[in-house]
Amino acid sequence: MFAQDIQNNKVKGNGYNFIDLFAGAGGLSEGFFQAGFNPIAHVEMNPYAARTLETRSCYYYLKKVNNLELYYDYLRGSVSREDFIRQIPKEVLKTVICEIMSKQSLPGIFEKIDTILREDGINQVDVIIGGPPCQAYSLVGRAQSRHMEIPMEQDPRNSLYLLYADFLKKYNPKMFVFENVMGIKSANGGATWRNIQSYFKRIGYVIDCKEQNSSDFGVLQTRRRMIIVGWRKGSKCLGYPEFDSVIPDTTVNELLQDLPTLTPGKSKFNYGRTRRSAYVIDNGIRTDIDVLTLHQCRPNTSRDIKIYKRAIQLWNNGHQRLNYNDLPEELKTHKNRKSFTDRFKVVEGDQQCCHTILAHLSKDGHYFIHPDIKQHRSITVREAARIQSFPDSYFFEGSRTAQFVQVGNAVPPMMAKGIALGIAKKLEQEAQIENDQLASGAVCPVQKTGT
C-alpha cells in the first residue's frame, strides 16, 4: 500500500505523482513515467520543448485508450498537428505549462497546478524533479565567461534554485530530485553550493549530492551528472537511494544497426531489414509498431567528407583520434591551431559507451561523426536520441536545430528511470512504516516544512 492510501489521496493512475520543473524535452520525466510515476505538471519555457512534452503526453494518452494509430498517423504526416491536437482531451494538454519561471510568474503557475490538483483530487505532491539551466554552473561555461557580457558569477541563473525551492515550500513533496552539471559544487568558489545546502535545509529538507554516470544505468554513453536528492526532515526511511548498476553486453554499433544507412544530406523514414539488437528490444527502444522519424542527416562539403573519412579510419584502425594539426593544409579552415584540436571526433561504435551527446550538435556534427566510413557523415537526431536512450516513439518538435538542442540537453530516460525506481523504493519503505503506525494506532502527522 502506498503512502497516498494512508492520506486518502487520489492520484492520476497508479503510483506516485510528480511535478517536473525546467522540464526541457522531458528526458527526466520520461524515466519517472516509465518507472510508474504520474505527471501532475511540466513547467518549461522553451516553446519547442514544450510542444515536445505535449506530443509525448498525447502519446501516453493514446496508448492508454488503445488508439496509437492516431499518434503514428501524426508522425507520418497524414494528420496535421491541428487535427491531431483537436482529438486530444484538454486535461491531457494542460499538464504542460510553457512559461518562464520568475517571482512574477510563479503565482500564475501555482494557480494552474493548483487547478490540476483540485480537478484530479490530488492532495499530496510526492516528488518534484528537474534541474535549472546548467550554463551558470558548468565548467565549460565558466571557462568561456571572460568572453561574455555578464560574468559567470553575476549570471542570474545562479539563483534559479530559489525558484525551485519556492515549489518545495508551496507543495511540500516528500522528496525531490535536482539534476545538474558536475560544476555545481565548485561554481563561484563553492558559494552557490553552500547557499543551496543552507537554503534547502532552512525550508525543511535534508539533501545529499552524488555524482552519477549514465553508463551505470545501462545507457550507452558516458554522461556524468550531479544528482541532488532531498527529503523531508524527520522522515524514517527517506534518503539518498542506492542505485543498481546496469552494464549491458552490447555496443553503440549494435544500438544503431537497424537504422537505415545514410550519406550526407539524405534521409529515410522506413526501417531497413537489419534486425534489431537484443538491447534495443529489451529496453523498448524500438517496438514492432514504431514509425521511423528524425533520421535525416546534414549535407556536408567535400572537405568535411574527406576529414570525416580520415577521422573514421583512425578510430576504426586502432582507436586513434584525429588531431586537427595533422590534416593537410588544404583541408584546414580554422586559424586556431592550439585549442579544440579534437574538433572532429568519431562516435565510439565498437565500445559499450560513447562520449557525451551535447547540445552543440545543433551547430555542427563534427564532434559526432558516424563510425561507418561508408556513410561518412554526422549522426542524425534519431541516432543521437537513441544514444541518449530515448525510444523511437519519442518525437522532438521544431526544426532540426531545435531537436538537436533538446536531445543534447536531456537527461537520458534510462538513467532517469533508474533514479526514479530508487526514489520509489524509498517512498515505499516510508509508506510501510506509516502503514504500520496506522495499524498500531500510533499515527504520526505529516511534518510541515518551514518557510
Completion exercise
Here the gain from full extension of F110 to R400, 0.36 nm per residue of separation minus their alpha-carbon distance, amounts to 101.1 nm
Handout entry: Virtual paramagnetic centre 7 Å along Cα→Cβ of N67, amide N under 15 Å, in the range 91-117
Key = 91-93
Handout entry: Ordering of 407-418, 265-276 by burial proxy (mean other Cβ atoms within 10 Å per residue, highest first)
Key = 407-418, 265-276
Fill in the blank from the handout: The exposure ranking of R118, R382, R51, R310, fewest beta-carbon neighbours within 10 Å first, is R118, R310, R51, R382
Problem - DSSP bridge pairs, the chain: antiparallel proportion in percent, nearest 5 - result: 50
Fill in the blank from the handout: Net charge near I373 (other residues with Cβ under 11 Å of its Cβ; Lys, Arg +1; Asp, Glu -1) is +3
Handout entry: Whole-angstrom gap from the range 82-127 to the range 322-350, using each part's C-alpha centre
Key = 47
Practice task
Within the range 401-438, which residues have the backbone N less than 15 Å from the label spot 7 Å out from K236 along Cα→beta-carbon, could you tell me?
Solution key: 426-438
Exercise for the section: Compute the distance in nm between two label points, each set 7 Å from the Cα along the Cα-to-Cβ direction, one at N123 and one at V92. Expected result: 3.0
Exercise for the section: Mean Kyte-Doolittle of at least 0.0 plus a Cα span of 18 Å or more along the axis: flag which DSSP H helices in the chain meet both, please. Expected result: 106-119
Completion exercise
Plugging the Cβ-Cβ distance of S245 and D83 into 1/(1 + (r/R0)^6) at R0 = 30 Å yields, to the nearest 0.05, a FRET efficiency of 0.10
Exercise for the section: Report the full-extension gain for the segment A278 to N213: residue separation times 0.36 nm, less the Cα-Cα distance, to one decimal in nm. Expected result: 21.1 nm
Problem - Inter-site label distance for I100 and Q313 at 7 Å from Cα along Cβ, in nm - result: 5.0
Exercise for the section: Specify, per residue and in Å³, the volume enclosed by the convex hull of the alpha carbon atoms belonging to the range 41-91. Expected result: 78
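Any read-out appearing in this document is the output of simple, stated calculations on the displayed coordinates, not a laboratory observation. As the structure is a computational prediction, the values presented were derived from the model and not from experiment. Cβ coordinates were reconstructed from backbone atoms using ideal geometry, including for glycine residues, and neighbour counts include every protein chain displayed.
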